[in-house]
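What follows is one structure encoded as structure tokens, with my remarks underneath.
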Amino acid sequence: MNRAALRYAKAILNLAKDANKTKEINDDMLLIANTIDESSELQAFLKNPTLKAEAKINILTSLFGTKINSNTNELLKILVANKRVTLLPFVAKQYSKLFDKLQGIEIAKVITAIPLTEDLKTKVLIKVKEVTNKEVSVENIVDESIVGGFILQVGDKQFDASISGKLNNLRRTFETNHYEAKI
């Protein structure tokens, strides 16, 4: 699914570059991704295979129509026509990642057990900017399996301050000490 979403995102980015509207379409993509993420009803609507393409276009047009660029509207129509509308949130997120990369913005992934508050997101953003000396955007990924704390990934570097990471390190230390004690 992500490969198809990436292909659509690259195609719309190329159109946006040609039209000199990369920023405008990125704003559209952020609006679309956030709207879909915040609405379980809209997610269910997009996934519903029994609804006709015309109904989906009508709803998406009434929801986003005048708020988004004509190229973005065309993308919506293409996704619906190709029965790929379920890819819409993924295409939107992939586009934003490609746009950030085009702008030279580094993406800092912060994996937490619960969603970051806006205040905490801002603090992380400031700290990562200080450390990397780059323009940075923060992407929060929620993974309850880390129990608490956080894992920060920037480029190819990772800092694990999660409780599950600390427990794993402790387990490895005990296993190593136990093995050495047997020898």
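The values are calculated or read from the model by the stated rules, or taken from the named source; none is laboratory data. What you see is a predicted model; the values in this text were computed from it and never measured. Don't worry about glycine lacking a Cβ; one is built from the backbone with ideal geometry, like all the others, and counts go over all protein chains shown.
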Kindly indicate whether any position in segment 113-123 is assigned to a strand (DSSP E or B) and surrounded by 11 or more Cβ atoms within 10 Å (Cβ to Cβ). no
Among (1) assigned to a helix (DSSP H, G or I); (2) exposed (fewer than 15 other Cβ atoms within 10 Å of the Cβ); (3) more than 22 Å from the chain's Cα centre (by Cα), Asn34 falls short only on (3)
Here's a check for you: in segment 63-97, which residue that is within 13 Å of Ile32 (Cα to Cα) and of a type in the set (Gly, Ala, Ser) is surrounded by the most Cβ atoms within 10 Å (Cβ to Cβ)? Ala92
Just one of the numbered conditions (1) more than 21 Å from the chain's Cα centre (by Cα); (2) in a helix (DSSP H, G or I) is not true of Thr50; which one? (2)
Could we say that Asp100 is over 30 Å from Leu15 (Cα atoms), among the acidic types (Asp, Glu) and either crowded, with 17+ Cβ neighbours inside 10 Å or not assigned by TED's automatic domain parsing to the domain that holds Ile25 (or both) here? no
